[in-house]
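Input: a single structure, listed below in structure tokens.
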Amino acid sequence: MKDWDWNDGQDVVLAVKHLTKTYGGAKTAVDDLSLTVHAGDIYGFIGHNGAGKTTTIKCIVGIHDADRGTIEVAGKDVRSDPLACKRAMAYIPDNPEIYEYLTGIQYLNFIADVYQVSGKEREARIRKETEDFGIYPALGDLISTYSHGMKQKLVVTGALIHRPRLLVLDEPFVGLDPEASLILREKMHALCADGSAIFFSTHVLEVAEKLCSRIAVISGGKLVTEGSTEELTRDKSLEDVFMEVIGHVKAD
């Protein structure tokens, strides 16, 4: 069951158009970036440290204001209709900060309240997701007692609880053990099969190559290549593609 309600048949889940973001009027972190993510896409966003990935993501989810350009989620503008966009999204940052004075179940119920997930739905989803990730027995414990990996699993569960139309993740596999990483990949596929889309950054090119349907490479705030994973890796690995395009950018 989907908790978002878009009735316009939008196939484009995320549209970033000519996004530009500067800091202090001097450093350009994102430079005229445009990309489109469709329903069913698992869209990998890769680049070196400082390339502009996290700034782009923070603009998409409404943490940063863009200097120029527009961002739309299923046709809704992030700037003019931020609540509608946030209702349809879930965001997992690279270093999730959560309320450690709450228990796991209190945190998940708080998230379910924010997204207005009904009692019956939330109970079933919380049990299913936390059992899959192996943290169900610890839901009554304070989050402050959780390991880093357990906190990451809790945050992922919270992000999935309202079945977002767009799931945005920044380095989602950091801190997850191999089994949890596999479970997350399976859940990403299932979410997209139900009409959602996923936009995520990662430094793990092998994971991106196996998981993503489309990939974009960013360097110096600019989009340097974009396309289906099949097209980009037809005759080479994603690692080869990445080193090649980054090398050309540095040479220029």
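Do we find a residue being over 17 Å from Lys58 (Cα atoms), open to solvent by 50 Å² or more (accessible area, probe 1.4 Å), part of a loop (DSSP other than H, G, I, E, B) and not aliphatic (A, V, I, L, M) anywhere in the range 86-99? Scanning the range 86-99, I find at least one residue that is over 17 Å from Lys58 (Cα atoms), open to solvent by 50 Å² or more (accessible area, probe 1.4 Å), part of a loop (DSSP other than H, G, I, E, B) and not aliphatic (A, V, I, L, M), so the answer is yes.
Taking the residues in the range 1-46 that are of a type in the set (Lys, Arg) and modelled with pLDDT under 90 as candidates, determine which candidate is farthest from Ser201 (Cα to Cα). The residue in question is Lys2.
Please indicate, with yes or no, whether at least one residue in the range 54-61 is farther than 26 Å from Leu223 by Cα, open to solvent by less than 10 Å² (accessible area, probe 1.4 Å) and of a type outside the set (Lys, Arg). Within the range 54-61, not a single residue is farther than 26 Å from Leu223 by Cα, open to solvent by less than 10 Å² (accessible area, probe 1.4 Å) and of a type outside the set (Lys, Arg). Figure legend. Inter-residue proximity from the range 95-115: first residues farther than 15 Å from Thr145 by Cα, second residues surrounded by fewer than 16 Cβ atoms within 10 Å (Cβ to Cβ) and hydroxyl-bearing (Ser, Thr, Tyr), beta-carbon distance below 8 Å, spacing 6+ or different chains. Indicated pairs: Phe110/Tyr99.
Thr28 passes every criterion in (1) under 27 Å from Cys212 (Cα atoms); (2) assigned to a strand (DSSP E or B) apart from (1).
All conditions in (1) closer than 15 Å to Leu160 by Cα; (2) in contact with a Phe, Trp or Tyr (Cβ under 8 Å, 6 or more places away or on another chain) hold for Leu102, with the sole exception of (1). Taking Asn49 as meeting all but one of (1) at negative phi; (2) modelled with pLDDT of 95 or more; (3) not in a helix (DSSP H, G or I), write down the number of the exception. For Asn49, the failing item is (2). The C-beta contact set for the range 135-158 (first residue touching a residue at least 24 places away in the same chain (Cβ under 8 Å), second residue of a type in the set (Lys, Arg), distance under 7 angstrom, 6+ apart or interchain) comprises Ile135/Lys153; Ile143/Lys151.
All told, Cys59 meets the bar of being over 30 Å from Lys128 (Cα atoms), in a helix (DSSP H, G or I) and either in contact (Cβ under 8 Å) with a residue 12 or more places away in the chain or more than 18 Å from the chain's Cα centre (by Cα) (or both).
Kindly indicate which of Gly247, Gly134, Gly149 is more than 25 Å from Lys17 (Cα to Cα), among the small types (Gly, Ala, Ser) and modelled with pLDDT of 95 or more.
Exactly one residue qualifies, and that residue is Gly134.
Inspect the range 23-30 for any residue being among the hydroxyl-bearing types (Ser, Thr, Tyr) and either within 29 Å of Glu129 (Cβ to Cβ) or open to solvent by less than 10 Å² (accessible area, probe 1.4 Å) (or both) and give the result as yes or no. No, the conditions are met nowhere in the range 23-30.
Within the range 31-78, the set of residues being of a type in the set (Lys, Arg) and out of contact with any helix residue (DSSP H, G or I) (no Cβ under 9 Å at 6 or more places or on another chain) comprises Lys53, Lys58, Arg68.
Flag: Gly44 does not match the condition of being within 16 Å of Gly221 (Cα to Cα), open to solvent by 30 Å² or more (accessible area, probe 1.4 Å) and of a type in the set (Gly, Ala, Ser).
Only strands (runs of 3 or more DSSP E) whose full extent lies in the range 125-243 are considered here, and the ones with at least 1 residues that are open to solvent by 20 Å² or more (accessible area, probe 1.4 Å) and within 22 Å of Gly50 (Cα to Cα) are 214-219, 222-228.
Yes/no per residue for (1) more than 26 Å from Gly195 (Cα to Cα); (2) touching a residue at least 12 places away in the same chain (Cβ under 8 Å):
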position	(1), (2)
Leu19	no, yes
Ala26	yes, no
Gly50	yes, no
Thr54	no, yes
Lys76	no, yes
Asp81	no, no
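All of Val156, Val217 fail the test of being in contact with a Pro (Cβ under 9 Å, 6 or more places away or on another chain) and within 26 Å of Met89 (Cα to Cα), apart from Val156. Condition check for Leu83 on (1) farther than 30 Å from Met243 by Cβ; (2) buried (at least 16 other Cβ atoms within 10 Å of the Cβ): one failure, at (2).
The values are calculated or read from the model by the stated rules, or taken from the named source; none is laboratory data. It should be emphasised that the depicted structure is a prediction, and the values quoted were computed from it without experimental measurement. All Cβ positions, glycine included, derive from the backbone under ideal geometry; neighbour counts span all protein chains shown. Ligands, DNA and RNA are stripped out before the accessible areas are found, and what is left, the full protein with its side chains, is counted by its heavy atoms. Shrake-Rupley method; radii C 1.70, N 1.55, O 1.52, S 1.80 Å.
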